[in-house]
1. Of these, ARG116, ARG83, ARG110, which one is on the phi < 0 side of the Ramachandran plot, assigned to a strand (DSSP E or B), within 15 Å of the chain's Cα centre (by Cα) and among the basic types (Lys, Arg)?
2. Scanning for something among the β-branched types (Val, Ile, Thr), modelled with pLDDT of 90 or more and touching a Lys or Arg at 6+ places or on another chain (Cβ under 8 Å), does the range 49-65 turn up at least one residue?
3. Among residues belonging to the range 1-26 that are part of a loop (DSSP other than H, G, I, E, B) and touching a residue at least 24 places away in the same chain (Cβ under 8 Å), point out the one that is surrounded by the fewest Cβ atoms within 10 Å (Cβ to Cβ).
4. Could you list all residues from the range 27-37 that are crowded, with 16+ Cβ neighbours inside 10 Å and within 21 Å of the chain's Cα centre (by Cα)?
5. Considering only the range 123-151, state which residues are at pLDDT 90 or above and among the acidic types (Asp, Glu).
6. So LYS44 fits all but one of (1) modelled with pLDDT under 90; (2) in contact with a Ser or Thr (Cβ under 6 Å, 6 or more places away or on another chain); what number is the exception?
Amino acid sequence: SGDVIVSFDGKEVKDEHDLPQIVASTKPGKRVTVVVIRDGKEEKIPVSIAEMEPEAGLRRAGGPDLSKGLGLTVQNITPEIARHMDVENQQGVLVSAVESGSPAGDAGFREGDIIRAINRVSVEDAKEFETQIKKVKEDKTILFLVERGEGRVFLAVKNR
């Protein structure tokens, strides 16, 4: 098994939802210390924060052309992300942000979810994700097959 991150830049990481928010609030170029538990021992690792490159596969799902938006940001599952998340299958998209109070937020989406299918159609990547979302008419419900940790759940979102 891998390292467990217990603190980032002096801020305690209590669960898997804390880390993305803490990292996102850290300015690029800053050097921070990450404290991990590795093989039962606490270890401090210096890390430099870099700006995420635009071609890293981020796509905003929603926006004016997608029926006022789902409030969901997804990205392709790169080999690095798959390795980091300990998933073998790169098919699908990773939920990298969920807007609170949005249709996706209200439906129960969480950062770190992996969307494997939309309306029972497999989704390979972010481009296909957008294509499938655009096919859904306004006021219709979209059914997502979501992988979360070891399990899978279905989440339904009304396309507004």
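1. None of the others qualify; the one that does is ARG116.
2. Checking the range 49-65: not a single residue is among the β-branched types (Val, Ile, Thr), modelled with pLDDT of 90 or more and touching a Lys or Arg at 6+ places or on another chain (Cβ under 8 Å).
3. GLY2
4. Residue satisfying the conditions is VAL34 alone.
5. GLU124, ASP125, GLU128, GLU147
6. Exception for LYS44: condition (1).
The values are calculated or read from the model by the stated rules, or taken from the named source; none is laboratory data. Computed from a predicted model, the values in this text were never measured in an experiment. Every residue, glycine among them, receives a Cβ derived from its backbone with ideal geometry; neighbour counts consider all protein chains shown.
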